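The values are calculated or read from the model by the stated rules, or taken from the named source; none is laboratory data. Source: prediction; values computed, not measured. Cβ atoms come from the backbone with ideal geometry, glycine included; neighbour counts cover every protein chain shown.
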Amino acid sequence: MRATRLQDAACGRFRSAGPSARRWIARALLVTALAATAPGAVDVPAARADAAAPSPPGAAVAAARAAAKQRRRAPVPTGPDGRFRDNGDGTVTDSLTHLMWEKKSDDGSLHDKDLEIVWWPRGDAMTVTQWLEALNGENKLGFAQHRDWRLPTRNDLLGLVDSTRVDPAVYGAFNDACTPGCDVITCSCTASAFYWSPSPHHTGVAAQPTPDPASGLPRLELTLPPRAWHVHFHTGWVLVADETQSSFRARAVRPAD
């Protein structure tokens, strides 16, 4: 019996222990003896007793920290159900890039997917600057109550391209329930067309043979018009366009809170 073995071991320690230790061992022997002689007493194997013993608090804390660290390292799920969240206010948040995107509609509004804007003033067309000013001043508080909307860079736009889709090549969060007349709350649209980015493309500069009459210095003139990168969402092409002559769609973006 395990109780008998414990008693024998305790007796050996009792003979070699000091006065205070002897008192402690005597109490332990008494408790063991009472447990062994109690009705229905059962000898519990050491392995079972060890398994039933609770883990020390330090082990629980270490396990919790390890689990939290593993969660932080876990990859962010892709696709509209995991990576993107519709905020219910006309915006979508990307948990991978931590950007908040303007949703596009099909209602003829400032957010309409077919609204084209120009970079340089040309006729009655709305310019990029005017569009952003209108967006940041919408309803006096700014679109979705934010006033820091901007044009996305080329890399920002490429983050919306889903290479498994075409026409448009975007994740489902940006092409959902798009029907005529729908607004940014009830749908999410993307035109299979060019979208502006402010990312500049190299423009050639050359010195002209005739000096500037005011300063006498050689004149520097552009050999090519200013150009910028843009993305076509039919398949996700990245191309370069002349800023002075092009008219494209735009989708605004801002940092997610």
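The table below gives the values:
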item	result
Residue in the stretch 64-113 that is modelled with the highest pLDDT, counting only those that are of a type in the set (A, V, I, L, M, F, W, C) and surrounded by fewer than 11 Cβ atoms within 10 Å (Cβ to Cβ)	Ala66
Every residue from the stretch 160-169 that is in contact with a strand residue (DSSP E or B) (Cβ under 7 Å, 6 or more places away or on another chain) and either in a helix (DSSP H, G or I) or surrounded by fewer than 21 Cβ atoms within 10 Å (Cβ to Cβ) (or both)	Val161, Asp162
The stretch 84-110: number of residues that are out of contact with any helix residue (DSSP H, G or I) (no Cβ under 8 Å at 6 or more places or on another chain) and assigned to a loop (DSSP other than H, G, I, E, B)	8
Matching option when the condition is farther than 24 Å from Val128 by Cβ, among the acidic types (Asp, Glu) and at pLDDT 95 or above, among Asp212, Asp183, Asp176	Asp176
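For every residue, the table says whether it meets (1) surrounded by fewer than 16 Cβ atoms within 10 Å (Cβ to Cβ); (2) among the polar types (S, T, N, Q); (3) assigned by TED's automatic domain parsing to the domain that holds Ala250; (4) not in a strand (DSSP E or B).
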residue: Leu115; (1), (2), (3), (4): no, no, yes, yes
residue: Arg122; (1), (2), (3), (4): yes, no, yes, yes
residue: Ala125; (1), (2), (3), (4): yes, no, yes, yes
residue: Thr129; (1), (2), (3), (4): yes, yes, yes, yes
residue: Ala134; (1), (2), (3), (4): yes, no, yes, yes
residue: Ala144; (1), (2), (3), (4): no, no, yes, yes
residue: Asp148; (1), (2), (3), (4): yes, no, yes, yes
residue: Leu157; (1), (2), (3), (4): no, no, yes, yes
